[in-house]
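The values are calculated or read from the model by the stated rules, or taken from the named source; none is laboratory data. What you see is a predicted model; the values in this text were computed from it and never measured. Glycine also receives a Cβ, built like all others from the backbone with ideal geometry; neighbour counts cover every protein chain displayed. For the accessible areas, the whole protein counts, side chains as well, though only heavy atoms, and no ligand, DNA or RNA atoms are used. Shrake-Rupley method; radii C 1.70, N 1.55, O 1.52, S 1.80 Å.
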Amino acid sequence: MNHIPLPVGGLYAITASCDNESVWLQRCEQILAGGASILQYRDKTATAAQRKQRALRLQRLCRSRQVPLLINDDLALAVEIGADGVHLGKNDPPFAVARQQLGKQAIIGVSCYNQLPLAQKAQAQGADYVAFGRFFSSTTKPEAILAPLELLTQARAQLNLPIVAIGGISVDNAMDLLTAGADFLAVIGTLFNAEKPQQVAAQLCECHLRTRSGQINVLDK
């Protein structure tokens, strides 16, 4: 199966917990219809069988829109279904193992929290993107270390790979992250808790388009 390549930027949607699978899948479909450029399957409660079933369903949705599906913290599942890539945290297998098992075409992203040296190491290893955060209060990971906006500006000046911002992102604060230097907005709660997920996804995508079209210049901040 050919891998879908990493987009240049935009909305990086991450799935919330699944209480009702049909509703959950419908929300994923709406978020993709709203313009999400990446979907990450994150599921901390399901059984292995459920995770595989859900990942395969998401994969079909993503393939229909040519959006890459990444698997959070589960290299074995990413390999098993032939996902477009994996997102690695500090407790996951080493980057070199993920690259060896997934192949050179796969997208591999690395969580770097609030630490620029971790991102520099990830870049040297060949990561496709790095993620920083949380930047704002997060209901998904309230205990996560807070990262300053200045970190995005520093990373933008020192790194040559895409930067993902995560943590409490909403339509109201998205522009702050984008103008500071983020390429992708990684969003969970704001999308999955929304009454109209497709509309919120479209609004977040519009923030990215406005920034990248030059209506707001990164250097103006």
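Can you give me the number of residues within the stretch 10-28 that are part of a loop (DSSP other than H, G, I, E, B) and either among the acidic types (Asp, Glu) or open to solvent by less than 10 Å² (accessible area, probe 1.4 Å) (or both)? Let's see the steps before the verdict.
Residues of the stretch 10-28 that are part of a loop (DSSP other than H, G, I, E, B), as a first pass: 15-20.
Those left that are additionally either among the acidic types (Asp, Glu) or open to solvent by less than 10 Å² (accessible area, probe 1.4 Å) (or both): 15, 19.
Residues that pass the stated criteria total 2.
Going through 59, 66, 50, 26 one at a time, which residue ends up being under 22 Å from residue 190 (Cβ atoms) and of a type in the set (S, T, N, Q)? Walk me through it before giving the result.
Details: 59 fails: under 22 Å from residue 190 (Cβ atoms); 66 fails: under 22 Å from residue 190 (Cβ atoms); 50 fails: under 22 Å from residue 190 (Cβ atoms).
Among 59, 66, 50, 26, only 26 is under 22 Å from residue 190 (Cβ atoms) and of a type in the set (S, T, N, Q).
Which of the following residues is of a type in the set (A, V, I, L, M), modelled with pLDDT under 95 and closer than 23 Å to residue 46 by Cα: 83, 144, 76, 98?
Working: 83 fails: modelled with pLDDT under 95; 76 fails: modelled with pLDDT under 95; 98 fails: modelled with pLDDT under 95.
144 is the lone residue from the list that is of a type in the set (A, V, I, L, M), modelled with pLDDT under 95 and closer than 23 Å to residue 46 by Cα.
Note down all Cβ pairs under 6 Å where the first residue falls in the stretch 96-125 and is closer than 15 Å to residue 71 by Cα, the second is part of a helix (DSSP H, G or I) and open to solvent by less than 50 Å² (accessible area, probe 1.4 Å), and they're at least six residues apart or on different chains.
Note: pairs meeting the criteria are 98/75; 108/98; 110/122.
Taking the stretch 29-80, which residues are among the β-branched types (Val, Ile, Thr), part of a loop (DSSP other than H, G, I, E, B) and surrounded by 19 or more Cβ atoms within 10 Å (Cβ to Cβ)? Spell out how you get there, then give the answer.
First, the residues of the stretch 29-80 that are among the β-branched types (Val, Ile, Thr): 31, 38, 45, 47, 67, 71, 79.
Subset that is part of a loop (DSSP other than H, G, I, E, B): 45, 47, 67.
Hit for the stretch 29-80 is 67, nothing else.
Residues of the stretch 149-187 being touching a helix residue (DSSP H, G or I) at 6+ places or on another chain (Cβ under 8 Å) and over 24 Å from residue 139 (Cβ atoms), which ones?
150, 153, 154, 155, 156, 158, 159, 160, 161, 179, 181
Name the single residue, out of those in the stretch 60-77 being more than 15 Å from the chain's Cα centre (by Cα) and not basic (Lys, Arg), that is nearest to residue 110 (Cα to Cα).
75
Check every one of the helices (runs of 4 or more DSSP H) wholly within the stretch 96-181 and list those with 2 or more residues that are closer than 21 Å to residue 39 by Cα and of a type in the set (Val, Ile, Thr). Steps first, answer last, please.
On the way: elements: 116-125, 150-158, 174-180.
In the stretch 96-181, there are no helices (runs of 4 or more DSSP H) which contain 2 or more residues that are closer than 21 Å to residue 39 by Cα and of a type in the set (Val, Ile, Thr).
Just one of the numbered conditions (1) over 20 Å from residue 116 (Cα atoms); (2) touching a strand residue (DSSP E or B) at 6+ places or on another chain (Cβ under 6 Å); (3) not aliphatic (A, V, I, L, M) is not true of residue 197; which one?
The number of the failed condition is (2).
Cβ-Cβ distance below 8 Å, separation of 6 or more or different chains: which pairs start in the stretch 1-19 with a residue that is free of Cβ contacts under 8 Å to residues at least 40 places away in the same chain and end on one that is crowded, with 18+ Cβ neighbours inside 10 Å and part of a loop (DSSP other than H, G, I, E, B)?
17/43; 18/43
Among the residues of the stretch 112-147, count how many are more than 18 Å from residue 177 (Cα to Cα) and of a type outside the set (Gly, Ala, Ser). Walk me through it before giving the result.
At the first step, the residues of the stretch 112-147 found to be more than 18 Å from residue 177 (Cα to Cα) are 117-118, 120-128, 139-143.
With the extra rule that they be of a type outside the set (Gly, Ala, Ser), the set shrinks to 117-118, 120-121, 123, 125, 128, 139-143.
Number satisfying all stated conditions: 12.
Read through the list (1) of a type in the set (Lys, Arg); (2) over 15 Å from residue 201 (Cα atoms); (3) not in a loop (DSSP other than H, G, I, E, B), then give the number of the only condition that residue 90 fails.
The single condition residue 90 does not satisfy is (3).
Got a sec? Which of 131, 157, 186, 165 is free of Cβ contacts under 8 Å to residues at least 40 places away in the same chain and surrounded by 15 or more Cβ atoms within 10 Å (Cβ to Cβ)? Let's see the steps before the verdict.
Numbers: 131 fails: free of Cβ contacts under 8 Å to residues at least 40 places away in the same chain; 157 fails: surrounded by 15 or more Cβ atoms within 10 Å (Cβ to Cβ); 186 fails: free of Cβ contacts under 8 Å to residues at least 40 places away in the same chain.
Of the residues listed, the single one that is free of Cβ contacts under 8 Å to residues at least 40 places away in the same chain and surrounded by 15 or more Cβ atoms within 10 Å (Cβ to Cβ) is 165.
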